[in-house]
Amino acid sequence: MFFISKDGYFKFKIKLHHDDRPTLVYIQKLLSRLANRTIGVIVDSKNDHESYYSIDKFQDIVEIINPIFIKYHFTTSKYLDFIDFKEAANIKIISFLAKRKLNDQELQEILKLKSGMNTLRVCFNPKDLPKRPITPCRLLGFIEGDGSFCLPNMEPTLAIKQHAKNIHFFYDISEFLSNLPFRPNIGPATDVADSKPKPGIYDANNYPQASGMSSLSVFNILQLYNYILPFFKSLELKSRKAEDFRY
């Protein structure tokens, strides 16, 4: 999440289940080596259910976080949140370098940008978002955060959930999965059963019980065994989802 307070303070935060705390430590160490100083802090919730990696030093925001997401941009609505966040940071950098507080005009310009970010962004046109090819590592990172390997009704399933406003990204993922190579451990050398993945995409607009969330899933056993399983076995998961995948 890209967050700006009503007083003009900036924060970048990642929230994960407490079991994935080592993943946050991995990210912190990676960024700290990049900057040659400690970047951010990791905090656990009171009930130890969630862990947070938080970066709120403005220098770290400007020198580390913003350059990363300028180069490796989002293709969901988070891209628009980042653009507003970056533009607001460009306003604050003037007072930061001058070692003074934000003046009223600067603060109002920042708060105007804040007013349309995150959950306050009611609507947007997906066509306004930049395109970026899906790569194996990019998809892996997305699934580490928002996907799951699960067994509903005893059926092995790959599932991903996102806010309904980002359903366009599911169609990109679906196309990527549909073009995975056929690589089963055993069985015929060619896909005689025509088991290429055909992910199901469920639009929250058609499922009121989904509470504003859309989902993508693959549960056909041949599609999973011939394509999905070999694909993820070739990659290295960094979170507890590695255990879920192994099970």
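Bear in mind these aren't lab numbers, they're just calculated from the coordinates by the rules spelled out. Note that this is a predicted model, so its numbers are computed, not measured. Methodologically, a virtual Cβ is constructed for each residue, glycine included, from the backbone with ideal geometry; neighbour enumeration extends over all protein chains shown.
Given just the C-alpha atoms of the chain, how large is their convex hull per residue in cubic angstrom?
Dividing the Cα hull volume of the chain by its residue count gives 159 Å³.
By the scheme Lys and Arg +1, Asp and Glu -1, what is the net charge of all other residues having a beta-carbon under 13 Å from that of Gln223?
0
Could you work out the relative contact order of the chain, using alpha carbon pairs under 8 angstrom and six or more residues apart, expressed as a whole percent?
Reported relative contact order: 16 percent.
How about the range 1-110: which chymotrypsin sites (Phe, Trp or Tyr not before Pro) there are in a DSSP loop, with at most 14 other Cβ atoms within 10 Å of their Cβ?
Tyr9, Tyr72
Kindly provide the pair-distance distribution of the range 130-247 built from C-alpha pairs, with 5 Å bins from 0 and whole-percent values in order of increasing distance.
All Cα pairs considered, the percentages come to 2, 11, 21, 24, 21, 13, 6, 2, 0.
Rank these for me by crowding, Cys150, Cys123, Cys137, going from fewest to most other beta carbons within 10 Å.
Cys123, Cys137, Cys150
Among 30-39, 185-194, how do they line up by average Cβ neighbours within 10 Å per residue, starting with the highest?
The most tightly packed comes first, giving 30-39, 185-194.
When Rg is the radius of gyration of the Cα atoms in the range 2-127 and Rh is its Kirkwood radius, what does Rg/Rh come to?
0.98
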